[in-house]
Amino acid sequence: MQASEVRRAVAAALSTASSLGLTADDALVLHDSNKLTLRLLPCDVLARVAPAAHQIARFEVELAQRLAGAGCPVAALEPRVEPRVHERDGYEITLWTYYEPATPSEISPADYATALNLLHTGMRQIDVPTPHFTDRVEQAQQLVANHDRTPALADADRKLLGDTLRSLRRAIGERGGAEQLLHGEPHPGNLLTTQNGLLFIDLETCCRGPVEFDLAHAPEEVGEHYPGVDQDLLRECRILVLAMITTWRWDRDDQLPDGRRLAGEWLSQIRAALDRNGLDSHG
């Protein structure tokens, strides 16, 4: 968010918490991207603030409640207030339990795989309308094709990303393997090490697809500990996910710090992975 937006979003979160009887005098910014994550003090509540136009918070709140009920390792909503979306000053505000980071914060691949498998097991018990993972791939394809949205992307790199997204989306779809509800982006930034164990956050990216699509967001060693993995499918999903996150970094509105430098490194990794795995992005 822009600095002026951050100030308004913080004020909206503080006033919302205060109106609900929570003592909120200050806010620490924990994460700032398309939405703002705040630690409200002294009540010690986690607030997530997004522009109301995003219209995703209600889905995330409802899904978090259902996943918690199914025994999934997910962060809980703040128990002192009603579990719902609060709207103020053009923002959607949701309030969550704040978890003190546990030490050590290093997550072993085996523990990571166990937590993700537990999440997937619970997700198989839940039937909610969600996008298919290929819908998200298509969003990346549209971004690559839109020169106005990605003006700094060189022609050769644009072709590489477009061809990779198209060919791997088709190849993975043609495998016809089992699909289920997924987290969508269970990367290390969305996994908390807490006194309550490992907990996943940021459920707005949930979609349907093979579990290998989720595993592709985790460190490579995690896939070695997850039961029943199709390693060929996982390799394809890893390259597909890398092409997707590389595409997001070329969006002219992307606000990830150092995003363009990362995008350049990831383009090199995509080329190397395609060569290493004998894959043809034109396929």
Legend entry - Residue in segment 229-261 that is farthest from Pro151 (Cα to Cα), counting only those that are assigned to a helix (DSSP H, G or I), open to solvent by 40 Å² or more (accessible area, probe 1.4 Å) and without any contact (Cβ under 8 Å) to a residue 24 or more places away in the chain: Gln231
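Are any residues in segment 160-184 open to solvent by 40 Å² or more (accessible area, probe 1.4 Å) and not basic (Lys, Arg), and if so, which ones?
If the condition is that a residue be open to solvent by 40 Å² or more (accessible area, probe 1.4 Å) and not basic (Lys, Arg), then Gly173, Glu174, Gly176, Gly177, Ala178, Glu179 are the ones that fit.
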Legend entry - One residue from Pro188, Pro219, Pro210, Pro131 being closer than 30 Å to Ala64 by Cα and crowded, with 20+ Cβ neighbours inside 10 Å: Pro210
Inset, instruction - Identify all residues within segment 72-128 that are touching a Gly at 6+ places or on another chain (Cβ under 6 Å) and not in a loop (DSSP other than H, G, I, E, B); write none if there are none. - result: Gly122
Inset, instruction - Go through (1) over 25 Å from Thr37 (Cβ atoms); (2) in contact with a strand residue (DSSP E or B) (Cβ under 7 Å, 6 or more places away or on another chain); (3) among the hydrophobic types (A, V, I, L, M, F, W, C) one by one and return the number of the condition Leu95 breaks. - result: (1)
Legend entry - Selection within segment 45-61 - in contact (Cβ under 8 Å) with a residue 60 or more places away in the chain, surrounded by fewer than 20 Cβ atoms within 10 Å (Cβ to Cβ) and part of a helix (DSSP H, G or I): Phe59
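Any residue that is under 22 Å from Leu119 (Cβ atoms) and modelled with pLDDT of 95 or more - is there at least one of those in segment 244-255?
Just the residues of segment 244-255 that are under 22 Å from Leu119 (Cβ atoms), to begin with: 244-245.
From what is left, the residues that are modelled with pLDDT of 95 or more are 244-245.
Scanning segment 244-255 turns up at least one residue that is under 22 Å from Leu119 (Cβ atoms) and modelled with pLDDT of 95 or more.
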Inset, instruction - Search segment 92-106 for residues being crowded, with 18+ Cβ neighbours inside 10 Å and among the aliphatic types (A, V, I, L, M), and hand back the single one that is farthest from Ala47 (Cα to Cα). - result: Ile93
Legend entry - Number of positions in segment 162-180 that are farther than 19 Å from Leu143 by Cβ, within 23 Å of the chain's Cα centre (by Cα) and charged (D, E, K, R): 1
Inset, instruction - Report yes if some residue within segment 274-281 is outside any strand (DSSP E or B) and within 21 Å of the chain's Cα centre (by Cα); otherwise report no. - result: no
Legend entry - Residues being under 20 Å from the mean Cα position of the chain (by Cα) and touching a residue at least 24 places away in the same chain (Cβ under 8 Å) - total across segment 218-228: 6
Inset, instruction - With the condition kept exactly as written, say whether any residue in segment 2-11 is under 14 Å from Leu199 (Cα atoms) and aliphatic (A, V, I, L, M). - result: no
Legend entry - Residue check for Ala27: open to solvent by less than 80 Å² (accessible area, probe 1.4 Å), touching a Cys at 6+ places or on another chain (Cβ under 7 Å), of a type in the set (A, V, I, L, M) and on the phi < 0 side of the Ramachandran plot: no
Inset, instruction - Filter segment 129-155 down to residues that are part of a loop (DSSP other than H, G, I, E, B) and over 24 Å from Ile172 (Cβ atoms), then give me how many there are. - result: 6
Legend entry - Qualifying residue in segment 185-195 (condition: in contact with a strand residue (DSSP E or B) (Cβ under 9 Å, 6 or more places away or on another chain), at pLDDT 95 or above and part of a loop (DSSP other than H, G, I, E, B)): yes
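The values are calculated or read from the model by the stated rules, or taken from the named source; none is laboratory data. Predicted, not measured: the structure shown is a model, and the values here were computed from it. Neighbour counts are summed over all protein chains in view; Cβ atoms, including those assigned to glycine, are modelled from backbone coordinates with ideal geometry. With ligands, DNA and RNA removed, areas are computed over all heavy atoms of the protein, side chains included. Shrake-Rupley method; radii C 1.70, N 1.55, O 1.52, S 1.80 Å.
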